[in-house]
1. Do we find a residue being among the hydroxyl-bearing types (Ser, Thr, Tyr) and surrounded by 14 or more Cβ atoms within 10 Å (Cβ to Cβ) anywhere in region 399-413?
2. Among the residues of region 445-460, how many are open to solvent by 40 Å² or more (accessible area, probe 1.4 Å) and either more than 18 Å from the chain's Cα centre (by Cα) or of a type in the set (Val, Ile, Thr) (or both)?
3. Could you go through region 55-66 and let me know if any residue there is buried (at least 19 other Cβ atoms within 10 Å of the Cβ) and within 25 Å of the chain's Cα centre (by Cα).
4. State which residue is nearest to GLY435 (Cα to Cα) when the search covers only region 371-414 and only residues that are of a type outside the set (Gly, Ala, Ser) and assigned to a helix (DSSP H, G or I).
5. Looking at region 130-170, which of its residues are at positive phi and hydroxyl-bearing (Ser, Thr, Tyr)?
6. How many residues does region 67-93 contain that are part of a strand (DSSP E or B), in contact (Cβ under 8 Å) with a residue 60 or more places away in the chain and either open to solvent by 10 Å² or more (accessible area, probe 1.4 Å) or not hydroxyl-bearing (Ser, Thr, Tyr) (or both)?
7. Any residue at all in region 24-31 that is assigned to a helix (DSSP H, G or I), free of Cβ contacts under 8 Å to residues at least 40 places away in the same chain and more than 25 Å from GLY160 (Cβ to Cβ)?
8. Select from region 1-23 the residues that are assigned to a helix (DSSP H, G or I) and in contact (Cβ under 8 Å) with a residue 60 or more places away in the chain and list them in ascending order.
Amino acid sequence: MDHLHKLSISEASKLLYKKELSPVDLVKAHLARIKKTDAKLNSFITILEDTAIKSATQAEKEILSGKWKGDLHGIPLGLKDLYFTKGVPTTIGSEIYKNFIPDYDAKVTRNLTEAGAIILGKLQMHEFALGTTSYNPHYGSARNPWNPECVTGGSSGGSGSSVSAGQCMGALGSDTGGSIRIPSALCGIVGMKPTFGRVSRHGVFPLSNSLDTVGPMTRTVEDNAIMLNAISGHDEQDPYSAKVKVSDFKAHLENDINKLRIARPRTYFYDVIDKEVLTLIDKACSQFENLGAEVDMIDLPILDHTLAISGTILLTEAAEIHSENLRTKSSLIGDDVKLRLQQGALTSGTDYVKSQRGRSVYNQRMNELFETYDILLAPTVPIGAPPIADNSIDVNGNQELVGPLMARLTRPQNITGLPTISVPIGFTSNQMPVGMQLTSPAFQEQMLYNVAYQFEKLSTMKNIIPAL
């Protein structure tokens, strides 16, 4: 069973359907991988070994009797530890909630289990999902499988490391300012931030009600589409859920992208960027041109307002959500998260309203861009993963703070709520992964998967797993 953790979801699903692979063997192989590697990686907060084997045994009986549920039947997955799981602790990466045991499943948790997926456990995260590194004073830092001395990115750090290392075949993360895309880029996997409202957030602990999204993290584009198929759809229990038709996100992966129009902003995304990352982005653009796409450098000055708009909205809404924790349990909150919540609590109502008004103008400009272009292309993170011990890092001769730098390039897409996928594009000279993000108009995830899939076919990074 030593090779089973290297299978993609798509590969394993075909074998399971043909009854050439046992779900029990598949789950046990991944549990063995967790036991072998998690002391190095710290991906998990809670491992559900007994429950997972029991669920796999049930899945095997169902498949053998012809009751096939689809692509995720018998597939072992992980959940960021802010998804409610009935009868299982959901810590939100905090000391405050370490004994919180929900009495119901999140909608997406239920969607996955009803599709036959096997939940292996709950994954490490930055406390309250309010951070970009997955440093965590309560549960330890998640560690990057490509170099355990380096960060995974955050806040879905455990999701990124577990999928990259082959501990899980896929995982769910959440993305408020980049928390799916950052660890996906730094860990060398595929991460999708769907359109705001595409996936239900019922039973997902919030950070910012007008920015939060939830989505899948996998090692291939097709696997990502498989997971989004399972979790998408309108949910009346979520007031932010969109009433839109759910398409089969796998249906058009093979379409060619000839004449696709791609916009590449000249500034903002390239104001602070490592030269090696820039070289890889240039190469990716050339690959798109070889596929027949048109890549244009454009000016988009509205991007310069990104940090002010998103920072004010995110921190103000987070402070409101955690106001009681700040008032009565602040001593239990990590210093970095506490400081950011306190900043949000001091924001005036006038500043918050100004930011929301600025957001409307920003979104209008972005929508105008997509009247001409199909895709917006940018680096996901401006550097490869830095060492966990470093609070700042040299970028082309300038010292930059790691935390803010991680989310600098991902926050624009949370303001708009537009779908964005991060895909791996290569390695730095230190052999740390680099990601590229692609953004489309709202509810065009199917097109993003098509474009990413066509790029992935030229890549050497599909479904790669680091040696540990």
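1. Yes, the conditions are met somewhere in region 399-413.
2. Filtering region 445-460 down to residues open to solvent by 40 Å² or more (accessible area, probe 1.4 Å) leaves 446-447, 457-458, 460.
Now drop any that are not either more than 18 Å from the chain's Cα centre (by Cα) or of a type in the set (Val, Ile, Thr) (or both), which leaves 447, 457-458, 460.
Matching residues across region 445-460 total 4.
3. Checked region 55-66: no residue is buried (at least 19 other Cβ atoms within 10 Å of the Cβ) and within 25 Å of the chain's Cα centre (by Cα).
4. Initially, region 371-414 is screened for residues of a type outside the set (Gly, Ala, Ser), giving 371-377, 379-383, 386-388, 390-391, 393-396, 398-402, 404-406, 408-414.
Now narrow it down to the ones that are assigned to a helix (DSSP H, G or I): 402, 404-406, 411-414.
Working: VAL402: 17, PRO404: 17, LEU405: 15, MET406: 12, ARG411: 15, PRO412: 16, GLN413: 15, ASN414: 17 Å.
Ranking the qualifying residues of region 371-414, first place goes to MET406.
5. SER134
6. 5
7. yes
8. Matches in region 1-23: HIS5, LYS6, ILE9, SER10, ALA12, SER13, PRO23.
The values are calculated or read from the model by the stated rules, or taken from the named source; none is laboratory data. These numbers come from a predicted model, not from an experiment. Heads up, the Cβs are rebuilt from the backbone with ideal geometry, glycines too, and the neighbour counts pull from every protein chain shown. Note: accessible area is taken over every heavy atom of the protein model, side chains too, but ligands, DNA and RNA are not part of it. Shrake-Rupley method; radii C 1.70, N 1.55, O 1.52, S 1.80 Å.
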